[in-house]
Amino acid sequence: MQQSELSYFKEILESRNEQIIKNIDGVNDELDQLNRLELNDEGDHASVNNSAMIESVIVRQQEQELREINIALGKMSSGEYGVCAMCEDDIGFQRLKVKPHAIYCIDCREIVEKTKQG
């Protein structure tokens, strides 16, 4: 991979990293506010619990993406970025444009997905 392509993806990954951290901080602030509310009835409790559950799922998903981004940034430092973790072929540029923190090429990703389903 050319240096200009690496720089391009590094910028995208770092930007997404910052955005996720802001999102997680915002959700955590929102959850803190929900926990401090004085609730008057069971409907209020149910609504707050539902919101908190949804928010925590979102945080978990974003934390997973953050881990994947950090792995991708580490691979850039070691020169392994853009190489499929399964077949060790290069991950296509278009795939990385869609998911810059991808660890599998398209073919291997499909194998992994089918294995998870089966």
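The values are calculated or read from the model by the stated rules, or taken from the named source; none is laboratory data. These numbers were taken from a predicted model, which means no experiment stands behind them. As a convention, Cβ positions derive from the backbone with ideal geometry for all residues, glycine included, and neighbour counts pool all protein chains shown.
Of 69, 103, all but one fail to be surrounded by 15 or more Cβ atoms within 10 Å (Cβ to Cβ) and at pLDDT 95 or above; the exception is 69.
Would a scan of region 32-43 turn up a residue that is part of a helix (DSSP H, G or I), modelled with pLDDT under 95 and surrounded by 11 or more Cβ atoms within 10 Å (Cβ to Cβ)? Even if it seems obvious, please write down each step before you answer.
Applying the first criterion (part of a helix (DSSP H, G or I)) to region 32-43 yields 32-36, 42-43.
If we keep only those that are modelled with pLDDT under 95 too, we end up with 32-36, 42-43.
Filter again for surrounded by 11 or more Cβ atoms within 10 Å (Cβ to Cβ), leaving 34.
Looking for residues that are part of a helix (DSSP H, G or I), modelled with pLDDT under 95 and surrounded by 11 or more Cβ atoms within 10 Å (Cβ to Cβ), one finds at least one in region 32-43, hence yes.
Criterion first (farther than 16 Å from residue 6 by Cβ and of a type in the set (Ser, Thr, Tyr)) does residue 77 satisfy it? So residue 77 fails the test. Taking the criterion of being of a type in the set (Val, Ile, Thr) and either in contact (Cβ under 8 Å) with a residue 40 or more places away in the chain or part of a helix (DSSP H, G or I) (or both), no residue of region 75-86 qualifies. For region 2-24, the set of residues classified as over 13 Å from residue 66 (Cα atoms) and loosely packed, with under 13 Cβ neighbours inside 10 Å consists of 2, 3, 4, 7, 11, listed by residue number. Pairs meeting the criteria (first residue in region 45-74 and hydroxyl-bearing (Ser, Thr, Tyr), second residue assigned to a helix (DSSP H, G or I), beta carbons under 9 Å, at least 6 apart or on different chains) are 51/30; 51/31; 51/34; 56/27; 56/31.
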